[in-house]
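For reference, the structure is listed below as structure tokens.
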Amino acid sequence: MAKKAINPTKSLKIPQIIKLSAKICALISKKLVTQFTARIFTTPIKHKIPKREFEMDQKSMQKKIYVPAIDKTIVTYEYGISRRRILLVHGWSGRGTQLFKIADELLVNGYSTVSFDAPAHGKSEGKTTIMSEFIASILEIEKQLGPFEIAIGHSLGGMSVLNAIKDGLNVK
């Protein structure tokens with residue numbers, strides 16, 4: 001049986017409470033509505049770790065790393081043991097274990113991986129973040145856990161990797 005197509009107008013519908021709140025804020029002040037919308041766009045949704053990611057979560061060596069450039073602490077996942085290391089970077093509202101399928105394939109091919117929960121994501125502290133904090137985290141991870149042969153990013157993680165390379169991340 002074929003899957004039912006998702007109606008894009010329904011899935012992209014902004015909840016009424018958000019619309020109403022924004023309108024009320026706009027009536028009060030432009031600054032307030034700006035702060036309200038900025039908060040919405042900088043607050044990721046923290047999802048519970050799904051069962052499919054349990055193995056990577058349990059088998060990885062996890063540690064907290066302080067990122068002085070942003071004054072935040074993040075959680076890292078070192079998965080596998082090899083001098084050939086690859087950095088994995090998740091996207092918005094993701095987790096360091098989210099790219100477990102890629103990590104598992106890399107292990108089979110002789111690599112180990114390092115991933116992390118970006119600020120305000122997964123097990124890392126905070127409620128809000130922006131791409132510059134992803135980039136600062138990547139650069140600090142390279143200092144403490146690198147070097148990396150390759151960096152792989154998904155969505156915002158991909159953009160963050162590209163910008164981190166521009167800012168000095170050294171990968172092949």
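The values are calculated or read from the model by the stated rules, or taken from the named source; none is laboratory data. These numbers were taken from a predicted model, which means no experiment stands behind them. A quick note on method: Cβ atoms are made from the backbone with ideal geometry, for glycine too, and the neighbour counts reach across all protein chains shown. The area values use the complete protein model at the heavy-atom level, side chains included, leaving out ligands, DNA and RNA. Shrake-Rupley method; radii C 1.70, N 1.55, O 1.52, S 1.80 Å.
For the range 55-66, 3J(HN,Hα) computed residue by residue from phi via the Karplus equation (6.51, -1.76, 1.60; θ = phi - 60°) reads 4, 5, 4, 7, 8, 8, 8, 9, 8, 8, 10, 7 Hz, glycine and proline entered as x.
Between K51 and K13, the C-beta separation translates, for a Förster distance of 41 Å, into a calculated FRET efficiency of about 0.90.
Counting only protein heavy atoms and a probe of 1.4 Å, the accessible surface of the chain is 60% carbon and sulfur.
Taking A103, A136, A26 as the candidate residues, the one with maximal mean-square fluctuation in a Gaussian network model of the chain, Cα springs under 10 Å, is A26. The listed residues D57, D117, D71, D167, once ranked by accessible area (1.4 Å probe) with the largest placed first, stand as D71, D167, D57, D117. Put the Cα centre of the range 73-111 next to the Cα centre of the range 113-172 and the gap is 12 Å.
Normalised per residue, the accessible area of the chain is 63 Å², obtained with a 1.4 Å probe and no contribution from ligands, DNA or RNA.
As a calculated quantity, the FRET efficiency between T43 and K63 at R0 = 35 Å, using C-beta atoms, amounts to about 0.85. Relative to the longest principal axis of the Cα atoms of the chain, helix 156-166 runs at roughly 60 degrees.
For E53, what is the net charge nearby, where nearby means another residue's Cβ is under 13 Å from its Cβ and Lys, Arg count +1, Asp, Glu -1?
+3
Counting pairs of alpha carbon atoms under 8 Å apart in space and at least six apart in sequence, what relative contact order in percent does the range 1-150 give? Value for the range 1-150: 23 percent.
Comparing N170, Q98, F116 along the charge dipole axis of the chain, the residue lying farthest to the positive side is Q98, per the Cβ-charge model. Taking only the Cα atoms of the chain, the ratio Rg/Rh comes out at 1.05, with Rh defined as the Kirkwood radius. Overall shape: prolate for the range 98-162, with the ratio a/c of the largest to smallest alpha carbon gyration tensor axis at 1.5 or above and a/b above b/c.
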